[in-house]
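Read-outs throughout are calculated quantities, based only on the coordinates presented, and are distinct from any laboratory measurement. This one's a predicted model, so the numbers in the text were calculated from it and none came from an experiment. Neighbour counts run over all protein chains shown; Cβ positions are idealised from the backbone, glycine included.
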């Protein structure tokens, strides 16, 4: 950071995926960029979300399949007899997070992005205060992310009622845990916790796990979770919580009572927009989210916003893409957001991924559809790798054969979904996908087979 340079072309508040991408786009255009972060570089995704949870998932899978021992050439902690399995997992997770965070620091230094540590607060349409410094900017970008809000009656205490950061930083794991909420976060945490020997009960008030996903893949994941020993309770609503000498007692509507060592609240996110961040600037809000136009410009023309603070899908890859558009527009372009297909991924075992409309959503919109199904049990690569749990479901618009939805539960689903998202972006039809030559044996052939189930093609 160069403290003498207090005027910038773009000032960014928040260094998560949206802020990080915006900083790089603007810096590559030779703009003067300031990036403000009050916690660790990389935001929630890198430090307490995407990366640490995927690291723990990887360790959990290793423990479940191969045990905790290390191999020659691996990090010393794998063979440290004084470390528990959880201790090794924490060491591995922390190493990966640090590696990526140091990479960010190196990139910012190389690109001459000035990094300010502290809470950024708007003081005007072109002024941001951080600590005791005032920065002036032609444009400002808000990318402050979101947080898990306290749930009335289930307030966090850091010991018995916890949120994701508490768990990721925990020195030890409880013997049992109740997870309130079976969305992506709840399911991912349940998946790796059970690999570490924690007895997990997953509570969801909707009809299925992952209620935002197609019910076919939700049911498939539920079957896999039951095989893992996860106690899945759907259509159950938490009524009240007791703290006991041994942990917590959760009372459900209807009279059922659950007990565990801890309760993890995995319900909801809200934008990180406290009054100090917005300051005296009169930004237009809608239900607590910043209102932006198709260029990510707020009601104050010099201020832009992306990611969780504007609502919509609260996904890192969405914020990343929005950050690129916002930075381009803030530095001279006028490019509207194209509203592309957005894949959603859940990193469980098996993985879950989806893009576009579910069958139920398409029907609710009055769209006549065709549905194709294919199963991992008939996929050569899945059989050879003993990864036969799962399926692929495609939703095709009957009027023109175009792919409008794809839903997967199975090995590498979070990778395969990129092919479906690309096809949808290009307006591809199920026939075109069915008639492609797909490498064999690959997991991705499950997408081809689902499309072939919808059409008459040369491969029938």
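Can you tell me what percent of all Cα-Cα pairs in the chain are more than 29 Å apart?
55
Which of rounded, prolate or oblate describes the range 283-342 when judged by the alpha-carbon gyration tensor and an a/c cut-off of 1.5?
Note, shape of the range 283-342 comes out oblate.
Is the C-alpha gyration tensor of the range 180-273 telling us rounded, prolate or oblate? Criteria: a/c under 1.5 is rounded; beyond that, a/b larger than b/c is prolate, otherwise oblate.
Taking the square roots of the gyration eigenvalues as a ≥ b ≥ c, the range 180-273 is rounded.
Could you give me the percent of Cα pairs per 10 Å distance bin for the range 120-195, shortest bin first, beginning at zero and ending with the bin that holds the maximum distance?
14, 35, 17, 21, 12, 1
Can you give the convex hull volume of the alpha carbon atoms of the range 344-452 per residue, in Å³?
85
If you stretched the chain out fully between residue 39 and residue 100, how much longer would it get, using 0.36 nm times the residue separation minus the C-alpha to C-alpha distance?
My answer for the length gained is 20.4 nm.
Using label points projected 7 Å from each Cα along Cα→Cβ, tell me how many nm separate residue 110 and residue 169, to one decimal.
Reported label-point gap for residue 110 and residue 169 is 3.1 nm.
Considering only the range 161-265, what is the antiparallel percent among its DSSP beta bridges, to the nearest 5?
40
Per-residue ellipticity at 222 nm for the chain, helices alone: DSSP H runs ≥ 4 residues times -39500 (n - 2.57), over residue total, nearest 500 deg cm²/dmol?
-9500 deg cm²/dmol
Can you put 346, 107 in order of Cβ neighbours within 10 angstrom, beginning with the fewest?
107, 346
Please tell me the relative contact order of the chain in percent, rounded to the nearest whole number, where contacts are Cα pairs under 8 Å and at least six residues apart.
Rounded, it is 15 percent for the chain.
Counting pairs of alpha carbon atoms under 8 Å apart in space and at least six apart in sequence, what relative contact order in percent does the range 191-230 give?
47
Over the Cα atoms of the range 128-244, what Rg and Dmax result, in angstrom?
18.5, 57
Tell me, in nm to one decimal, what length is gained between residue 335 and residue 295 on full extension, where the rule is 0.36 nm per residue of separation less the Cα-Cα distance?
Residue separation times 0.36 nm, minus the Cα-Cα distance, leaves 13.8 nm.
Looking at the chain only, what percent of DSSP beta bridges run antiparallel? Nearest 5 please.
The antiparallel proportion sits near 60 percent.
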